[in-house]
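Q: To start, I am sharing the structure in question, which I have written as structure tokens.
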Amino acid sequence: TDDIEVERCSIYNQSVLAKNPLTGARIKNTTGKHLLQGPITVIDGNNYAGDAQIDNLPPGQERLLSYGIDLQMTVDATKHKQDQSLLTGKIVKGVLILHHKNIDEQTYLADNKADADKTLVIEQPRLANWKLIEGDTKPIETTDTLYRYKGNVAAGKQSKLTVRQEFVTDQAVAILNT
């Protein structure tokens with residue numbers, strides 16, 4: 001019966017739905033009590049908004065909760081680019097050592113068709129052994145498998161986010177005299 005802290009948001013993950021984010025909320029357990037896992041019915045105003053499942057939520061912790069599909073917003077994540085470039089090359093004791101840089105760039109274009117501003121959380125896959133190239137927008141949260149970015153998309157407007165990750169490798173090639 002205690003109140004909890006709730007922030008309404010749309011949650012986009014390309015592997016869940018390619019075009020639309022999910023309707024959701026970031027909830028924080030401010031009750032001082034342990035909230036047990038189980039089903040939740042979401043009421044928005046006086047209207048039924050959807051159902052969700054939540055894991056155990058200890059006091060002070062936060063969770064993202066999704067309970068529907070946000071049909072008022074679309075996200076275009078088709079602009080994806082991977083580049084590889086040779087940085088340096090040197091010969092040491094008959095071995096050619098090449099130093100490569102790989103760049104993975106993902107661009108998200110969100111289009112809010114609603115009459116009100118919306119908060120959008122974008123979940124970007126975190127590539128194993130790759131390093132995030134931080135630009136103007138920094139993730140609000142990093143997990144083992146995701147970067148989460150949060151931004152506001154104005155009513156009737158579009159918003160763009162580009163995430164870049166890099167991986168630097170060395171390649172050794174033996175030079176043989178024949």
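The values are calculated or read from the model by the stated rules, or taken from the named source; none is laboratory data. It should be emphasised that the depicted structure is a prediction, and the values quoted were computed from it without experimental measurement. Using ideal geometry, Cβ is built from the backbone for each residue, glycine included, and neighbour counts are taken over all protein chains shown. Please note that ligands, DNA and RNA were not included when accessible areas were found on the heavy atoms of the full protein model with its side chains. Shrake-Rupley method; radii C 1.70, N 1.55, O 1.52, S 1.80 Å.
Q: Enumerate the aspartates and glutamates that K101 could reach by cross-link, defined here as Cα to Cα under 12 Å, with residues fewer than 8 away along the same chain left out.
A: K101 reaches D83, E166, D170.
Q: If you count only protein heavy atoms with a 1.4 Å probe, what accessible area per residue comes out for segment 35-84, rounded to a whole Å²?
A: Ligands and nucleic acids excluded, the result is 69 Å² per residue.
Q: For the chain, take the alpha-carbon Rg, divide it by the Kirkwood Rh, and send me Rg/Rh. Walk me through the intermediate numbers first.
A: On the way: Rg = 21.9 Å, Rh = 19.1 Å.
Expressed as Rg/Rh, it is 1.15.
Q: Between A25, L57, Y67, whose Cα lies farthest towards the positive end of the dipole of segment 18-80 when Lys and Arg beta carbons carry +1 and Asp and Glu beta carbons carry -1, centred on the Cα centre?
A: Selected residue: L57.
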